[in-house]
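The structure appears below as structure tokens.
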Amino acid sequence: MNDLNGYNGLRASLVITGTLLFFYSYYYLAHSPSLKNAVRRNSPGIKGELQLFFIRKFSGLVFLGVLPLMVYILLMDGSFDRFGFTLNHLLSNMYLIAILVIVIAIVLWLRHKKNPDHNTLQIKNGQWTGNIFVLNILGWSCYLLAYELLFRGILLFECYESFGFWTAIAINITIYSAIHMVNGIDQAIGALLFGSVACYFTLTRETVIIPIFMHLALSILSDYFSIKLNPDTGFEKIIMSNKL
């Protein structure tokens, strides 16, 4: 019997379908207009923006992380070790992670410098404080940890075991790019490029830690440059007074 029609093929098919179901459940719940309007109506200003941001990020943590991992571990006998989610994998790949983060930072800086009006901020606020930016980092960290464990963890490794290296990458970046099409062609193409690199290093280094740090760098640095370089946003200046 062809292995694609056997147990491994069935596992991969269930994981692909489950990934899409979990993502669509998250997206249409967390990004519904009724939710956005209700939060902003009840809590106007920065308070409402923070509430909406954390509702979306923690919904992602649940629907893309907690629930899929529970199903995967309990029903499919999966484990974190399978994804290289260990301290040893982090330490052994620190140089590669540092290089990738630097490359991402340079690319983002050049993009924002060329087009300072480009804005990736999900918290709609003109003047940012350090505390708000720390909350922004916290929200992204919770969300992206779950996101990468699902897409570059469960989905990628299951497809790799069933279909092989390049087919697994093709499936992953196709899904990854398709779900970014709602944000425009630039993000869809960017997802193809970013996803290809992330998948390649995930499989060749046998760890999901690399794409986690890549994605964190991409989102956090993009927000930072949006604040620093966009003329409509900025960090509040702290005025220090010297007392004699």
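The values are calculated or read from the model by the stated rules, or taken from the named source; none is laboratory data. Small disclaimer: the values here were computed from a predicted structure and weren't measured. As a convention, Cβ positions derive from the backbone with ideal geometry for all residues, glycine included, and neighbour counts pool all protein chains shown.
Worth a mention:
- Whether a residue is closer than 15 Å to L155 by Cβ and either assigned to a helix (DSSP H, G or I) or modelled with pLDDT under 95 (or both) was assessed, and L75 does not pass this test.
- All of (1) closer than 22 Å to L21 by Cβ; (2) touching a residue at least 40 places away in the same chain (Cβ under 8 Å) hold for N172 with one exception: (2).
- Qualifying position, being within 22 Å of S226 (Cα to Cα), free of Cβ contacts under 8 Å to residues at least 40 places away in the same chain and not charged (D, E, K, R), among N125, N119, N115: N115
- Candidates I137, I104: the one that is in contact with a helix residue (DSSP H, G or I) (Cβ under 7 Å, 6 or more places away or on another chain), farther than 30 Å from N8 by Cβ, at pLDDT 95 or above and surrounded by 20 or more Cβ atoms within 10 Å (Cβ to Cβ) is I104.
- Out of K57, K47, sole residue that is free of Cβ contacts under 8 Å to residues at least 12 places away in the same chain and surrounded by 12 or more Cβ atoms within 10 Å (Cβ to Cβ): K47
- Any hit, segment 183-193, residues being surrounded by 15 or more Cβ atoms within 10 Å (Cβ to Cβ), in contact (Cβ under 8 Å) with a residue 60 or more places away in the chain and over 22 Å from T86 (Cβ atoms): no
- The listed residue being of a type in the set (K, R) and loosely packed, with under 13 Cβ neighbours inside 10 Å, out of R41, R82: R41
- Evaluation of L4 against (1) surrounded by 12 or more Cβ atoms within 10 Å (Cβ to Cβ); (2) at pLDDT 90 or above (one fails), failing number: (2)
- Hey, S226 under 26 Å from F54 (Cα atoms) and assigned to a helix (DSSP H, G or I) or not: yes
- Scan of segment 78-103 for residues that are part of a helix (DSSP H, G or I), of a type in the set (G, A, S) and touching a Ser or Thr at 6+ places or on another chain (Cβ under 8 Å), ordered by number: none
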